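*Asks:* Input: one structure, supplied below.
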Amino acid sequence: MQGNNFFQELIALMEKLRGPEGCPWDKEQTHESLKPYLVEEAYEVIDAIDSGDPEKLKEELGDLLFQVIFHARIAKERNTFDIRGILKGCLEKMTSRHPHVFGEEQLETAEEVLRAWHKIKHKESGGKEKSILGSLPRHMPALQKAYKVQKKVSRVGFDWQKVEDVIDKMEEELKEVKQALSQRDKKKVEEELGDLLFSTANLSRFLKVNPEEALEKAIKKFIERFKRVERELASQGKEIENVSLEEMDKIWNELKKLE
């Protein structure tokens, strides 16, 4: 198969890059040094998905795959594992976690599949992980981690009954932030603000909105609007550093109305 040939060519390419006559930069890399690039490539895949451009997505998925090949080559040099081990492990795991496809178990809904998935994961750990919150990635962004934590506990019934209760909780947390501010207690302000953010993430989950994506869209909207403020001031021959907050606010609100 041609696709398999391409895969083997990519592995050979990486071997050459890490070889004696290869690239000085590539030869210096380790699992640890490549961590930021792995995260960056994953985010670029997400950007490509959001762009709706299939060619861009294809390119970025290739870059992400290259990171896997890179790590596999480093591991092979250290005699720990290789790309075959990665593929074999992935095949075995995905087969065992889909007994409703490759076995005789009957699962009809996505929710049933998720519950079975987590049971299988627990069994795979040998029962070592007692908590349903035990396997969260340490470096996951905090907002996304809050969302995931709340989804996990919701599956076992630890959840609010209606959205009004979640909003009441948010309002309660906001009051506690204000109280901490009035006491000029910096440590308490940080704690209460964290609780408020956690409650906000919970509201997002309850409304079936991913908080990370919602915040990203809000940031993008803010950036675009602020750039328009800058352009408007520039068209008036003004430098933003010399403009009052009141004047910026006026332009901001006018632009907001136009939207």
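The values are calculated or read from the model by the stated rules, or taken from the named source; none is laboratory data. Predicted model only: the values in this text are computed from it and were never measured. No Cβ is skipped: glycine too gets one built from the backbone with ideal geometry, and neighbour counts run over all protein chains shown.
*Asks:* Sort through GLU212, GLU171, GLU176, GLU190 and tell me the only one that's acidic (Asp, Glu), under 26 Å from the mean Cα position of the chain (by Cα) and more than 18 Å from GLN150 (Cα to Cα). Before you say what the answer is, go through the steps one by one.
*Replies:* On the way: GLU212 fails: more than 18 Å from GLN150 (Cα to Cα); GLU171 fails: under 26 Å from the mean Cα position of the chain (by Cα); GLU176 fails: under 26 Å from the mean Cα position of the chain (by Cα).
The match here is GLU190.
*Asks:* Which pairs have Cβ atoms under 6 Å, sit 6 or more apart or on different chains, and link a residue in the stretch 49-78 that is touching a residue at least 40 places away in the same chain (Cβ under 8 Å) to one that is of a type in the set (Lys, Arg) and surrounded by 15 or more Cβ atoms within 10 Å (Cβ to Cβ)?
*Replies:* Partner pairs satisfying both residue conditions: ARG73/ARG18.
*Asks:* Could you list all residues from the stretch 149-194 that are under 22 Å from SER135 (Cα atoms) and modelled with pLDDT of 95 or more? Give the derivation first.
*Replies:* If we filter the stretch 149-194 for residues that are under 22 Å from SER135 (Cα atoms), which is where we start, we get 149-159, 194.
The answer is GLY194, and nothing else.
*Asks:* Please name all residue pairs, on different chains or six or more residues apart, with Cβ atoms under 9 Å, provided the first residue is in the stretch 229-246 and is without any contact (Cβ under 8 Å) to a residue 60 or more places away in the chain and the second residue is among the aromatic types (Phe, Trp, Tyr).
*Replies:* Matching pairs, first to second residue: VAL229/TRP252.
*Asks:* Output the helices (runs of 4 or more DSSP H) that fall wholly within the stretch 2-91 and possess 1 or more residues being over 21 Å from the mean Cα position of the chain (by Cα) and modelled with pLDDT of 95 or more, or say none.
*Replies:* Details: elements: 2-17, 24-28, 35-51, 54-77.
It comes to 2-17, 24-28, 54-77.
*Asks:* For ALA12, state whether it is out of contact with any His (no Cβ under 9 Å at 6 or more places or on another chain) and more than 18 Å from ALA75 (Cα to Cα). Don't jump to the end; show me each part of the working.
*Replies:* On the way: out of contact with any His (no Cβ under 9 Å at 6 or more places or on another chain): yes; more than 18 Å from ALA75 (Cα to Cα): no.
Here the answer is no, as ALA12 does not meet what is asked.
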